[in-house]
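Worksheet: one structure, shown below.
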Amino acid sequence: MILSQTTTKLKKISCVCPNPFCTCIFSKKDFISNFAFLKFKEMKEENSYKIASNLLKIGSVKFNFEEPFTWASGIKSPVYCDNRLSLSHVYVRDLIRDTYIQVIQKNFTDVEVIAGVATGAIAQGALVADKLGLPFVYVRNEAKKHGFKKSVEGVLKEGQRTVIIEDHVSTGGSSIKALEELRNEGANVLGMVAILSYDFPETAEALHKNSCEIYTLSEFSIIKEIAIKEGYITEERASELNKWHENPREYFR
């Protein structure tokens, strides 16, 4: 649906659809709301490509088809993403932080607490919380073995509406573990925002089963598209990448 951008004093504004039989009528309030959504979507898509391009440029995303990387899950992968490197590059760091904030303000308007997942998303989460003026907590990979033996560090009150910040999501194992720890502490988790996801169907299914809505700032498909366009990988390597993505647990066995 394409909304007319012409301003008018009329109380009703007709939409302009490709469908010739469309007779939808929007109020001025609806028009403004939908136009704002389209502008947000346009901005997010633009930032998605900017983020992907910059992650490749600074070496956060690397490819190695001869000696694949081994993930924490045990999966061998020809691609690895270390978003922590973005913290050392001010422009990229600010771009990621500000895009996180755009997504949160659009989708989680009543958020009360930002929670970062150790270790990659602790700094990112703190940057976001600081800019939003919200409390920050972080979730450890595992509970401390001494002291208070806590899994969640910081002050988290029962029922507080919480958004989880992740750096990236692959199989979703660590993300779901963090989700469970926060809920065990009494948090009302609204959802999760990550810099990027590898777009595995099993990950989406696992998060759905755990009633966790996830948004990403960029995507695996965009990383691949930019990597081809800017010469980081060839079309032949991209074909290998697609085959790996279809069966990541078995491809390098």
Grab the Cα-Cα distance for D130 and L85, subtract it from 0.36 nm times how many residues apart they are, and report the gain in nm with one decimal. 14.2 nm
R249 versus E46: modelled label distance in nm, points set 7 Å from Cα along the beta carbon direction: 4.2 nm
Can you compute the modelled spin-label distance between T234 and N141, with each label point 7 Å from Cα toward Cβ, in nm? 3.7 nm
In what order do F69, F108 fall by count of nearby beta-carbon atoms within 10 Å, going from fewest to most? F69, F108
Using a Förster distance of 51 Å, how high is the FRET efficiency between E67 and K106, based on the Cβ-Cβ distance and rounded to 0.05? 0.80
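Out of the DSSP beta bridges found with both residues in region 44-246, what percent are antiparallel (nearest 5)?
Roughly 25 percent of the DSSP beta bridges within region 44-246 come out antiparallel.
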Nearest 0.05, what FRET efficiency do N184 and D94 give at R0 = 30 Å with Cβ-Cβ as r? 0.35
If you average the sequence gap of Cα pairs under 8 Å that are 6 or more apart and divide by the length of region 44-246, what percent do you get for the contact order? 20 percent
Region 66-163: relative contact order in percent, alpha carbon pairs under 8 Å with at least 6 residues between: 22 percent
Taking Cα centroids, how far is region 179-206 from region 61-104 in Å? 18 Å
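Each value in this text was obtained by applying a stated rule to the coordinates, not by laboratory testing. Owing to the predicted nature of the structure, the values given are computational and were not obtained by experimental measurement. Quick reminder, even Gly has a Cβ in these numbers, built from the backbone with ideal geometry, and neighbours come from all protein chains shown.
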